[in-house]
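This report concerns only the one structure given below.
The values are calculated or read from the model by the stated rules, or taken from the named source; none is laboratory data. In this text, all values refer to a predicted model and were calculated from it rather than measured experimentally. When we count neighbours, we look across all protein chains shown, and the Cβ atoms used for this are built from the backbone with ideal geometry, even at glycine. Areas reflect the complete protein model, heavy atoms only, side chains present, ligands, DNA and RNA absent. Shrake-Rupley method; radii C 1.70, N 1.55, O 1.52, S 1.80 Å.
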Amino acid sequence: DGGITQSPKYLFRKEGQNVTLSCEQNLNHDAMYWYRQDPGQGLRLIYYSQIVNDFQKGDIAEGYSVSREKKESFPLTVTSAQKNPTAFYLCASRPGQAAYGYTFGSGTRLTVV
Amino acid sequence: GESVGLHLPTLSVQEGDNSIINCAYSNSASDYFIWYKQESGKGPQFIIDIRSNMDKRQGQRVTVLLNKTVKHLSLQIAATQPGDSAVYFCAERPGGNMLTFGGGTRLMVKP
């Protein structure tokens with residue numbers, strides 16, 4: 001089955017640690033996105049990538065980093081510089097230029113302990 | 001489950017009734033709109049979309065209405081079922097290939 005997979009589902013981070021959230025898709029989609037979701041708020045864009053080896057900052061990129069070395073993969077690293085990382089993180093992908101709807105993964109809940 | 005949307009607007013309906021969820025979008029240049037459903041602890045799922053050259057589109061038990069004059073989008077769910085309980089949010093495409101997402105409404109279905 002084609003889809004977009006996020007792992008792990010739950011992740012715990014100690015203060016000062018970097019952690020990496022995985023996002024893999026086998027949909028052959030060109031564009032991939034990372035969003036952060038907090039209670040009572042809409043989705044906020046962290047980073048996005050339209051093609052391999054290229055990515056752009058979204059609205060809340062500070063404290064995060066990404067890479068896009070393969071079309072299928074768009075990992076997100078939450079660095080120690082992110083002061084309030086506890087949130088639900090969603091990865092999404094979109095087929096290409098003529099398609100506008102996103103397909104979402106099932107999310108990763110990150111908690112700082 | 002995931003505590004998404006603790007402080008979201010909530011719509012409570014009786015099972016079997018029709019539900020109407022509203023969304024005010026921000027950009028008059030937006031030409032494409034989507035409704036997503038998000039169940040607790042899961043990622044959003046596509047429900048239905050509509051382009052700006054239409055004012056109504058129907059799917060299975062769902063209808064989306066678009067009023068460009070007042071920048072308003074609504075999702076109607078017929079014969080609401082317990083499985084419809086979720087957070088619903090709209091998204092608009094103001095330009096380029098990016099979507100902008102609304103804050104969401106929690107739908108609670110009473111048996």
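The A-B contact accounts for roughly 1900 square angstrom of buried accessible surface, both chains included, probe 1.4 angstrom.
Pairs spanning more than 27 Å between alpha-carbon atoms, out of B:K42/B:K68; A:K9/B:K37; A:K70/B:K37; A:K14/B:K42; A:K9/A:K70; B:K37/B:K110: B:K42/B:K68; A:K70/B:K37. Karplus-derived 3J(HN,Hα) values for the range A:34-43, using 6.51 cos²θ - 1.76 cosθ + 1.60 with θ = phi - 60°, are 10, 10, 10, 10, 10, x, x, 10, x, 6 Hz; glycine and proline are entered as x. A 1.4 Å probe run over chain B, with the rest of the protein chains in place, finds 49 Å² accessible per residue. For chain A, the per residue solvent-accessible surface stands at 46 Å², with DNA, RNA and ligands left out and a 1.4 Å probe.
Shape annotation for chain B: C-alpha extents along the principal axes are 40, 26, 21 Å, from largest to smallest. Among residues other than A:T111 whose Cβ falls under 11 Å from its Cβ, what is the net charge (Lys/Arg +1, Asp/Glu -1)? Its environment carries a net charge of +3.
Normalised by the number of residues in chain B, the mean separation of alpha-carbon contacts (under 8 Å, six or more apart) gives a relative contact order of 37 percent. Counting charges near A:I60 (Lys, Arg +1; Asp, Glu -1) among other residues having Cβ under 13 Å from its Cβ returns a value of +1.
Per-atom-type breakdown for the range A:69-113 gives carbon and sulfur 50% of the accessible area (1.4 Å probe, protein chains only).
Over the range A:12-65, Cα pairs under 8 Å with separation of 6+ residues give a relative contact order of 24 percent. Each of the peptides B:11-21, A:34-44, A:16-26 was scored by the mean count of other Cβ atoms within 10 Å over its residues; in descending order, highest first, they stand as A:34-44, A:16-26, B:11-21. Under a 5 Å amide H cut-off, with hydrogens placed 1.01 Å from N, B:G41 pairs with B:E2, B:V4 among residues at least 5 apart or on other chains. Converting the Cα gyration tensor eigenvalues of the protein assembly as shown into ellipsoid dimensions via √(5λ) gives semi-axes, longest first, of 29, 21, 15 Å. At 4 °C and 1.567 mPa s, what whole-number value in µm²/s does Stokes-Einstein give for the translational diffusion of chain A, with Rh from the Kirkwood sum over Cα pairs? Translational diffusion coefficient: 93 µm²/s. Measuring heavy-atom accessible area with a 1.4 angstrom probe and counting protein chains only, the residues of the range B:74-111 that give up at least 50 Å² relative to the chain alone are B:N97, B:M98, B:F101.
Of all DSSP-defined beta bridges confined to the protein assembly as shown, some 90% are antiparallel rather than parallel. For the range A:1-105, relative contact order (Cα pairs under 8 Å, six or more residues apart, normalised by length) works out to 31 percent. Mean-square fluctuations from a GNM of chain A, with a 10 angstrom spring cutoff on Cα atoms, peak among A:A92, A:A61, A:A81 at A:A81.
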